[in-house]
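Only one structure is covered here, and it is reproduced in the block below.
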Amino acid sequence: MLAYIIRRVINSIITLLVVTAVTFAIFFMVPKLTGSDPALLYIGKNSDPASVQGIRIKLGLNDPIPVQYGKFLKGLVAGRDYVNGNDITHCPAPCLGYSFKTDQEVTPLLVGDLSVTLSLAVGAAILWVLMGVAIGVLSALRRGSFADRGAMTVALAGVSLPVYFTGLLASAIFIRWLGWLPESNYVPLTQNPGDWFVSLILPWVTLAFLFAATYARLTRANMLETLGEDYIRTARAKGLRERSVIGKHALRSGLTPIVTIFGLDLGALLGGAILTENVFNLRGLGYQALTAIRGNDLPVILGVTLIAAFFIVAANFVVDLVYGVIDPRVRLA
Amino acid sequence: MSLGPEASITDETTTPTADAAEERDRGEKAIAGRSLKQIAWRRLKKDKVALAGGIVVIFLIVVAILAPVLTRLWGHPIDEYHVDQIDPTLSTPLGKLGGISRHFLLGVEPTSGRDIFGRILYGAQTSLTVAFLSAFVSTAIGTIFGLAAGFLGGWVDSVISRVMDFLLAFPQLLFAIALVSVLPDTILGLGDRWSRVLVLVGVIGFFGWPYIGRIVRGQTLSLREREFVEASRSLGARSPRILFRELLPNLAAPILVYTTLIIPTNILTEAALSFLGVGIPPPNPSWGGMLSDAVAFYSIDPMYMIIPGGMIFITVLAFNLFGDGLRDALDPKAR
């Protein structure tokens, strides 16, 4: 077990290294290939040659790309100093670099964004798991009923609706026409929990609707497959009450695949819900990523990519561990 | 008292051989001469919902191909401004429901007054081209690598599987945005519209292949051990023949199903990228781009948001319905 965990941790770190290396390569190689200067991208086209040279030295842009990558990794674990003569900027570990576009350190910038993304993703996740699984299980148990067909029709529509359309539609209906919700920007939880909750209702519901639809379909399919198994018939045949048959035997194996998908979906969302955040103007990681990409702000792009990849890799890891516990058929090799 | 049932039992036991033979004959006649294609088609024909999805898909493809003709017939050129249709103070369409009228079938854009009908049709063209071509790219790469991994095994399998795991662990949308924004605006001397279409096809297609690759690999692994492959090999068939004549035909069904199901995902991705401003560059029409423009007007001119959003919804839903139906029809486990 311990050997397995160690092996998985090493694998995860390698994956993260490759992700950062690829991101690094794309954003440093492509300007070279197309003949544009990263230093110019940082400070704009109308700067004098001396200050461009200064930026180059300070950012280490004159170093070969592998050296630059090495310095980035070193900053991540030990912090680093940006030096140009007497001009020294210190960046403590974990240093994700220095955004010269916004003149800020990347790490604290992204930590602030992460709290917004966390609020959005965790709230939505709770909603969609409760709704999706409940609807899926009930649909499977009442297969073919009016409620089942109705729920599945809504679910199919749900998976076909992009979040950037439902988000706009929901804002138009609930804020403008019905006036049930105030038009509000994101309020941090620490500032006012009530306002925080109100400002996130629509983003939560919109995001959760999309996922709940997927989960309802998946849960229903899994449950139906499980309910058709021989051991369910055996359980019924030996006179077990229907409640125990469903609760003890069917749910457990019917819902295990959902755990996997849930972990991966949540992991992917924690790296930034790019679409939802942009529709609702939430300044989270996804919003930051898009702004950074538009502004060619490499350190920020690199930082968001690394955080996003970290959550995906971590989610994979956790899911595999949890799976070994909840599914006795899976034995760790 | 006991005579009744006993009599009936003996009744039954007198004729079983004849009955069974008849049963088997009828069954074999029905099964013989029916290929998977015929069975699937028969099932699909009964699935009205999937058929409806298929018809909508075909209709959309025809509309996309005929976009220039239809626009000339019932619309206006896509970049022609109609400021006379716009309220100068609010910059919203003058007419009701976003300016829908006999001359402007789906209304006009706020501010510019461009004809939405034509822009929706051209948007369908872009959207479907990107979705189909990138599905094709994903399928081609996924099938080749999936087959290679499953059939060759060993280090080839480990390398390909690692790459697939790695790609699936990637923040994909983030990377698609990043890639699209650093790639050049025009390539191969194509205009900015088709250059970007090509870039989108490459990026979306590339990130989609591991999904198909995994399925093909898994299927290949299980097919490889089957008797018909062994029989073929013992008859002296070499690897290429086993790959292309024995394995690939058996993989056709899952490949077809997953290609169909990846198309709606691609449509959503293209629209998302255009919505975020890194897809089809304006003034070229795209559904995602129109939705993005609609953000500023959704409360005063909701039709401008509902039309492109509704088109995305209908298109994706139709592909999903058809793909689900196709999967049920081709799945031997289905009832």
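Brief remarks follow.
- Of the residues making up the range B:186-209, those that are in contact (Cβ under 8 Å) with a residue 12 or more places away in the chain and part of a helix (DSSP H, G or I) number 15.
- Test: residue in the range A:215-232 that is under 25 Å from the mean Cα position of the chain (by Cα), assigned by TED's automatic domain parsing to the domain that holds A:V137, closer than 23 Å to A:A157 by Cβ and surrounded by fewer than 20 Cβ atoms within 10 Å (Cβ to Cβ): yes
- Filtered residues of the range B:166-212 (kept if hydroxyl-bearing (S, T, Y) and more than 19 Å from the chain's Cα centre (by Cα)): B:S181, B:T186, B:S195
- Restricted to the range B:165-185, and to residues there that are more than 7 Å from chain A (Cβ to nearest Cβ) and assigned to a loop (DSSP other than H, G, I, E, B), the residue that is farthest from B:S138 (Cα to Cα) is B:D185.
- Residue match in the range A:236-248 (condition: modelled with pLDDT of 80 or more, more than 30 Å from A:S184 (Cα to Cα), within 14 Å of chain B (Cβ to nearest Cβ) and touching a Lys or Arg at 6+ places or on another chain (Cβ under 7 Å)): no
- Only residues that are free of Cβ contacts under 8 Å to residues at least 24 places away in the same chain, of a type in the set (S, T, Y) and either loosely packed, with under 14 Cβ neighbours inside 10 Å or more than 8 Å from chain B (Cβ to nearest Cβ) (or both) were counted across the range A:154-188, and they come to 1.
- Filtered residue count, the range A:137-153, keeping only those that are surrounded by 14 or more Cβ atoms within 10 Å (Cβ to Cβ), out of contact with any Gly (no Cβ under 9 Å at 6 or more places or on another chain) and of a type in the set (A, V, I, L, M, F, W, C): 3
- Comparison of B:G279, B:G289 shows that the only residue that is in contact with a Gly (Cβ under 8 Å, 6 or more places away or on another chain), assigned to a loop (DSSP other than H, G, I, E, B) and under 26 Å from B:V203 (Cβ atoms) is B:G279.
- For the range B:316-332, the set of residues classified as more than 9 Å from chain A (Cβ to nearest Cβ) and either over 24 Å from B:Y122 (Cβ atoms) or more than 10 Å from the chain's Cα centre (by Cα) (or both) consists of B:G323, B:G325, B:L326, B:R327, B:D328, B:A329, B:L330, B:D331, B:P332, listed by residue number.
- If you check B:M290, B:M311 for being modelled with pLDDT of 85 or more and over 26 Å from B:F322 (Cα atoms), only one passes: B:M290.
- Among (1) among the hydroxyl-bearing types (S, T, Y); (2) under 20 Å from the mean Cα position of the chain (by Cα); (3) surrounded by fewer than 23 Cβ atoms within 10 Å (Cβ to Cβ); (4) within 12 Å of chain A (Cβ to nearest Cβ) - the single one B:T259 does not satisfy: (4)
- Members of the range B:54-87 that are among the β-branched types (V, I, T), crowded, with 16+ Cβ neighbours inside 10 Å and farther than 18 Å from B:T129 by Cβ: B:I86
- Scanning the range A:269-283 for residues that are at the interface with another protein chain (Cβ under 10 Å from one of its Cβ atoms), within 15 Å of A:A309 (Cβ to Cβ) and at pLDDT 85 or above yields a count of 1.
- Unique residue being surrounded by fewer than 15 Cβ atoms within 10 Å (Cβ to Cβ), touching a helix residue (DSSP H, G or I) at 6+ places or on another chain (Cβ under 7 Å) and either away from chain B (no Cβ under 14 Å) or modelled with pLDDT of 70 or more (or both) when the list is A:N46, A:N62: A:N62
- Qualifying residue in the range B:154-164 (condition: touching a residue at least 24 places away in the same chain (Cβ under 8 Å), surrounded by fewer than 23 Cβ atoms within 10 Å (Cβ to Cβ) and of a type in the set (D, E)): yes
- Counting residues in the range B:279-295 that are surrounded by fewer than 20 Cβ atoms within 10 Å (Cβ to Cβ), more than 22 Å from B:W194 (Cβ to Cβ) and free of Cβ contacts under 8 Å to residues at least 24 places away in the same chain gives one or more.
- Taken as a whole, the structure leaves B:F313 outside the set of residues that are within 8 Å of chain A (Cβ to nearest Cβ) and over 17 Å from the mean Cα position of the chain (by Cα).
- Every residue from the range B:290-310 that is β-branched (V, I, T) and either farther than 15 Å from B:R114 by Cα or facing another protein chain (nearest Cβ under 9 Å) (or both): B:V295, B:I300, B:I306
- Checked against the criterion of being within 11 Å of chain A (Cβ to nearest Cβ), among the hydrophobic types (A, V, I, L, M, F, W, C), within 30 Å of B:D328 (Cα to Cα) and in contact with a helix residue (DSSP H, G or I) (Cβ under 9 Å, 6 or more places away or on another chain), the range B:272-282 contains one or more residues that satisfy it.
- Number of the condition not met by A:L264 [criteria: (1) free of Cβ contacts under 8 Å to residues at least 60 places away in the same chain; (2) away from chain B (no Cβ under 11 Å); (3) surrounded by fewer than 19 Cβ atoms within 10 Å (Cβ to Cβ)]: (2)
- Residue match in the range A:284-299 (condition: basic (K, R), touching a helix residue (DSSP H, G or I) at 6+ places or on another chain (Cβ under 9 Å), more than 9 Å from chain B (Cβ to nearest Cβ) and surrounded by fewer than 23 Cβ atoms within 10 Å (Cβ to Cβ)): no
The values are calculated or read from the model by the stated rules, or taken from the named source; none is laboratory data. Only a predicted model underlies this, so the values are computations on that prediction, with no experimental measurement involved. All Cβ positions, glycine included, derive from the backbone under ideal geometry; neighbour counts span all protein chains shown.
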